[in-house]
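Asks: One structure follows; several queries about it will come next.
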Amino acid sequence: MKFIIHEVKLWFKGKNNLSKSYELFPNKINVVTGDATTGKTSFWSIIDYCLMSGKTNIANTINEKVSWYGIRFTINEKEISIARKATQKDAASSEVCFNYGALPSKPQENIQIAEIKSILDTEFGITDNLRFPYGKDLGKTSFNLSYRHFLLFSSLTEDIIGTSKTYFDTTFYGKEEYDKALKHIFDMVIGVNDMENTKAKERIKQIEGEIKRMQSLETQKGRAEKKFKSDIFFLIEKLKEKGFVDYSLVIESLEEANFIINEVIANTKKTANNLQLFTEIDSLNKRRMDIKAQLLAIDKYRKEYDAYKRGLNKSADSLKPIEFLNKNLSDQLLESYETKIFIDSLEASLKTIQDNLSKKAVEPLRVTGDAKGLQEELNKVENRINQLNQIQKNYLSEGEKFIIIGEVKNAYEQILKRDKIKPIDTVRLNQLNEEKSNLENNLKNIEQIKFTMKNSLNQCIQRNYNQLSSLPAYKNSQTQFNDSEMILQLVPKGQLFPLENVGSKSNYMFMHLCFYLGLHEHMIDVGQIHVPQFLFIDQPSIPYYTGTSNENIGNDDKTKLLDAFSLLNSFISYITTEKKNYFQIFMVEHAPKEYWTENNLVNFYTVDEFTNGKGLIPSDIYNE
């Protein structure tokens, strides 16, 4: 992606509202050289801050003197200016000024940070097709891609340039987020559509999870069916033990077992009738007692009635002498009035008794008929009781059997109430397997593409490495980028395995340069649209300088440093001449400009020299 920084500008605090611009040129190695602690390293921090970093890496001594920072750059043939207010109390400012064209003389807030990020996302080629490689229905990848992720490949910072195990300064941008995204984005920038690859892997993982859940449900369903069958046949065995089902009956199918259980439960009425037998016997016993009580009452009545009749006969016998006296001896009785009344009264009583005795005795109740009917009913009740008692003897513990039937029925109902596990959707399962197969085939294709891109990358790194003369011990080694550890390694000629260590910090500085130059060469070859064709390099001379003086570097180290600068110079020529493309390098250095001015390094341009008290902040402002 064509990206050229034209200007870095600082507006200073103070009454005079002074500002300072640093001008850069395309297809050049733009160098700010000078002593230590002059603010050189802060250039990339300022550029990053103006590209909407969420934090600041700018030194406090600089922030204290600056009111606004600004950059002017061209991206995709559009000239854009962004100014951002300096940090306050180490917090990044939200006040931003955005313009197409030149930087303003005095910046004022005119846009929100989110709007600028959206604009830059578009210019860096971050589109929905990239965020949603398989369409919006399947969602984004697991990390939120931003244009800022691609700045990682355009900065070779002081902290990593001489290290053996770190080739990307994720700490500068936000270690956790950038470490997580690094491998995915690296694959993308070398020409593998890794967002598609990443989403495919995520989708395959989702599909495998769904298939696993479906298979787990199928396994659960199998276990549930097995337990259902086991529990049903357990109930059959219980019914056999209690005599409800013939023990010799062979039941093979689950359907037959269910039918028999339902039949036994349906015939619970029989068992209920056995319970009614007890109720009927109890009722008959009560009736028998009632009849016997009635018969006893009738018998008592008869006895009392017979005694009454005997009493009347006895009274009649005792009054017969009165009748004899009246007939035979009346003339001999006293004829007094009282005697006559007494005799007449006795005679009248005798006559009344004789009249009652002469009458046919009629029972006041239908005692004989009632007694006969009751006796017949009693006989029937006792016969029925005897019959029921005989039936009762044929059932052993009928109450217990009824309880067992209730238990079986309850257990059967509980079995039927268990949650039914639906059968797996075979159509859905087939769709998932087919989708997974297609994605895996795509991954195979992507792996082939990745293999090709890695070989191309290694060839580009090797082309730059072959131009060096400062690593004679490793002259014929092959460069090999290890994308598992994200480091560049050397494989000596005739060996299969890479070296674990290549010695000095100087050697690693060269390897870092070769890697970054080779990476950008490869990205230009594949038409990478997300990474700026720009590289910030912070002090390749770090392995050689130990102080502020340019004189404390040995001749051998000067030769090596010149070899590094020559590599950069030839790279710009190669890109502009051979590739007919654009590239810009912005480098800050300890080494003086004579390294390039006296050695015909034509692609170098000295932006400024921070020497003799001069620095990023002009001395008159710095000393205010």
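The values are calculated or read from the model by the stated rules, or taken from the named source; none is laboratory data. As the structure is a computational prediction, the values presented were derived from the model and not from experiment. FYI the Cβ positions are ideal-geometry reconstructions off the backbone, even for glycines, and counts take in every protein chain you see. SASA here: full protein model, heavy atoms, side chains in, ligands and nucleic acids out. Shrake-Rupley method; radii C 1.70, N 1.55, O 1.52, S 1.80 Å.
Asks: With ASP563, ASP620, ASP556, ASP538 as the choices, which residue is of a type in the set (Asp, Glu), within 20 Å of SER506 (Cα to Cα) and without any contact (Cβ under 8 Å) to a residue 60 or more places away in the chain?
Replies: Numbers: ASP563 fails: without any contact (Cβ under 8 Å) to a residue 60 or more places away in the chain; ASP620 fails: within 20 Å of SER506 (Cα to Cα); ASP538 fails: without any contact (Cβ under 8 Å) to a residue 60 or more places away in the chain.
Checking each option against the conditions leaves just ASP556.
Asks: Let me ask something else about it. Read through the list (1) out of contact with any strand residue (DSSP E or B) (no Cβ under 7 Å at 6 or more places or on another chain); (2) assigned to a loop (DSSP other than H, G, I, E, B); (3) crowded, with 17+ Cβ neighbours inside 10 Å; (4) at pLDDT below 95, then give the number of the only condition that MET52 fails.
Replies: (4)
Asks: Related question: Any idea which of (1) more than 30 Å from LEU457 (Cβ to Cβ); (2) buried (at least 18 other Cβ atoms within 10 Å of the Cβ); (3) not β-branched (Val, Ile, Thr) is the one TYR178 doesn't satisfy?
Replies: (1)
Asks: Restricting attention to segment 297-329, which residues are β-branched (Val, Ile, Thr) and modelled with pLDDT of 75 or more?
Replies: From segment 297-329, those β-branched (Val, Ile, Thr) are 298, 322; that's our starting set.
Within segment 297-329, ILE298 is the sole residue that qualifies.
Asks: Let me ask something else. What number of residues within segment 556-588 satisfy the criterion of being touching a Leu at 6+ places or on another chain (Cβ under 9 Å) and of a type in the set (Asp, Glu)?
Replies: So the answer is 1.
Asks: Check off (1) in contact with a Lys or Arg (Cβ under 7 Å, 6 or more places away or on another chain); (2) touching a residue at least 12 places away in the same chain (Cβ under 8 Å) for PRO104 and give me the number that stays unchecked.
Replies: (1)
Asks: Next question. Checking the structure you have, find out if any residue of segment 598-613 is surrounded by fewer than 17 Cβ atoms within 10 Å (Cβ to Cβ), assigned to a strand (DSSP E or B) and touching a Gly at 6+ places or on another chain (Cβ under 6 Å).
Replies: So far as segment 598-613 goes, yes, one or more of its residues are surrounded by fewer than 17 Cβ atoms within 10 Å (Cβ to Cβ), assigned to a strand (DSSP E or B) and touching a Gly at 6+ places or on another chain (Cβ under 6 Å).
Asks: Separate question: For the subset of segment 453-469 comprising residues that are more than 12 Å from LEU517 (Cβ to Cβ) and surrounded by 18 or more Cβ atoms within 10 Å (Cβ to Cβ), which member is modelled with the highest pLDDT?
Replies: Among those that are more than 12 Å from LEU517 (Cβ to Cβ) and surrounded by 18 or more Cβ atoms within 10 Å (Cβ to Cβ), it is ASN458.
Asks: Being open to solvent by 10 Å² or more (accessible area, probe 1.4 Å), assigned to a loop (DSSP other than H, G, I, E, B) and in contact (Cβ under 8 Å) with a residue 40 or more places away in the chain is the filter here, so list the residues in segment 7-36 that pass it.
Replies: LYS13, GLY14, ASN17, LEU18, PHE25, PRO26, ASN27, LYS28, ASP35, ALA36
Asks: How many residues are in a loop (DSSP other than H, G, I, E, B), touching a helix residue (DSSP H, G or I) at 6+ places or on another chain (Cβ under 8 Å) and surrounded by fewer than 16 Cβ atoms within 10 Å (Cβ to Cβ) when one looks only at segment 244-254?
Replies: To start, the set of residues in segment 244-254 that are in a loop (DSSP other than H, G, I, E, B) comprises 244-253.
Checking the rest, the ones that are also touching a helix residue (DSSP H, G or I) at 6+ places or on another chain (Cβ under 8 Å) come to 244-247, 249, 251.
Those left that are additionally surrounded by fewer than 16 Cβ atoms within 10 Å (Cβ to Cβ): 246-247, 249.
Here the count works out to 3.
Asks: Picking from VAL526, VAL502, VAL531, which residue would you name as being at pLDDT below 95, in contact with a helix residue (DSSP H, G or I) (Cβ under 9 Å, 6 or more places away or on another chain) and either open to solvent by less than 40 Å² (accessible area, probe 1.4 Å) or of a type outside the set (A, V, I, L, M) (or both)?
Replies: The unique qualifying residue is VAL502.
Asks: Take segment 497-548 and flag every residue that is part of a loop (DSSP other than H, G, I, E, B), among the hydrophobic types (A, V, I, L, M, F, W, C) and more than 30 Å from GLU77 (Cα to Cα).
Replies: In the first step, residues of segment 497-548 are kept if they are part of a loop (DSSP other than H, G, I, E, B); the result is 497-504, 527-533, 539-548.
Next, from what is left, pick out any that are among the hydrophobic types (A, V, I, L, M, F, W, C): 497, 499, 502, 529, 531, 542.
Result: PHE497, LEU499, VAL502, ILE542.
Asks: Go through segment 59-101 and count every residue that is closer than 22 Å to PRO618 by Cβ and in a loop (DSSP other than H, G, I, E, B).
Replies: Qualifying residue count, segment 59-101: 5.
Asks: Next up: What is the residue count in segment 573-587 for residues that are over 14 Å from PRO26 (Cβ atoms), assigned to a helix (DSSP H, G or I) and open to solvent by less than 10 Å² (accessible area, probe 1.4 Å)?
Replies: Result for segment 573-587: 0.
Asks: Ok, one more. Go through (1) farther than 21 Å from GLU158 by Cβ; (2) surrounded by fewer than 18 Cβ atoms within 10 Å (Cβ to Cβ); (3) touching a residue at least 24 places away in the same chain (Cβ under 8 Å); (4) within 42 Å of the chain's Cα centre (by Cα) for GLU115 and report which single condition fails.
Replies: Result: GLU115 passes all but (3).
Asks: Report yes if some residue within segment 17-25 is of a type in the set (S, T, N, Q) and at pLDDT below 95; otherwise report no.
Replies: Yes, there is a match, as at least one residue in segment 17-25 is of a type in the set (S, T, N, Q) and at pLDDT below 95.
Asks: Looking at (1) at pLDDT 95 or above; (2) charged (D, E, K, R); (3) surrounded by fewer than 22 Cβ atoms within 10 Å (Cβ to Cβ); (4) farther than 30 Å from ASP525 by Cα, which one does ARG84 not meet, given that it meets all the others?
Replies: All conditions pass for ARG84, except number (3).
Asks: Tell me which residues, restricted to segment 462-474, are assigned to a helix (DSSP H, G or I), under 52 Å from the mean Cα position of the chain (by Cα) and over 14 Å from TYR508 (Cβ atoms). Walk me through it before giving the result.
Replies: Kept after step one, since they are assigned to a helix (DSSP H, G or I), are these residues of segment 462-474: 462-465, 472-474.
Next cut, under 52 Å from the mean Cα position of the chain (by Cα) only: 462-465, 474.
Selection gives GLN462, ARG463, ASN464.
Asks: Here's another thing I want to ask about it. Restricting the first residue to segment 200-223 and requiring it to be on the phi < 0 side of the Ramachandran plot, which pairs with a second residue that is among the small types (Gly, Ala, Ser) and assigned to a helix (DSSP H, G or I) meet a Cβ separation below 9 Å and a spacing of at least six or different chains?
Replies: none
Asks: Right, another one. Would you check if there is a residue in segment 100-108 being within 23 Å of GLN533 (Cα to Cα) and either open to solvent by 30 Å² or more (accessible area, probe 1.4 Å) or of a type in the set (Asp, Glu) (or both)?
Replies: Looking for residues that are within 23 Å of GLN533 (Cα to Cα) and either open to solvent by 30 Å² or more (accessible area, probe 1.4 Å) or of a type in the set (Asp, Glu) (or both), one finds at least one in segment 100-108, hence yes.
Asks: Pairs, please: C-beta under 6 Å, at least 6 apart or cross-chain, first residue farther than 30 Å from SER230 by Cβ and among the aliphatic types (A, V, I, L, M) and in segment 416-443, second modelled with pLDDT of 75 or more and open to solvent by 80 Å² or more (accessible area, probe 1.4 Å)?
Replies: Hits for this filter: zero, empty list.
Asks: Moving on. Does segment 614-624 hold any residues that are of a type outside the set (A, V, I, L, M) and open to solvent by less than 50 Å² (accessible area, probe 1.4 Å), and which are they? Give the derivation first.
Replies: Taking segment 614-624 and keeping what is of a type outside the set (A, V, I, L, M), we get 614-615, 618-620, 622-624.
Scanning segment 614-624 gives GLY615, PRO618.
Asks: Is it fair to say LEU490 is more than 25 Å from GLU578 (Cα to Cα), open to solvent by less than 20 Å² (accessible area, probe 1.4 Å) and either out of contact with any helix residue (DSSP H, G or I) (no Cβ under 7 Å at 6 or more places or on another chain) or in a strand (DSSP E or B) (or both)? Give the derivation first.
Replies: Details: more than 25 Å from GLU578 (Cα to Cα): yes; open to solvent by less than 20 Å² (accessible area, probe 1.4 Å): yes; either out of contact with any helix residue (DSSP H, G or I) (no Cβ under 7 Å at 6 or more places or on another chain) or in a strand (DSSP E or B) (or both): yes.
Yes: the conditions hold for LEU490.
Asks: Out of GLY369, GLY399, GLY406, GLY373, report the one residue that is farther than 28 Å from PHE228 by Cβ, modelled with pLDDT of 75 or more and either charged (D, E, K, R) or exposed (fewer than 15 other Cβ atoms within 10 Å of the Cβ) (or both).
Replies: Working: GLY369 fails: modelled with pLDDT of 75 or more; GLY399 fails: modelled with pLDDT of 75 or more; GLY406 fails: farther than 28 Å from PHE228 by Cβ.
Every option except GLY373 fails the conditions.
Asks: Now a separate question. If I filter segment 505-513 for residues that are within 48 Å of the chain's Cα centre (by Cα), over 25 Å from HIS590 (Cα atoms) and either open to solvent by 10 Å² or more (accessible area, probe 1.4 Å) or β-branched (Val, Ile, Thr) (or both), do I get at least one hit?
Replies: Within segment 505-513, none of the residues are within 48 Å of the chain's Cα centre (by Cα), over 25 Å from HIS590 (Cα atoms) and either open to solvent by 10 Å² or more (accessible area, probe 1.4 Å) or β-branched (Val, Ile, Thr) (or both).
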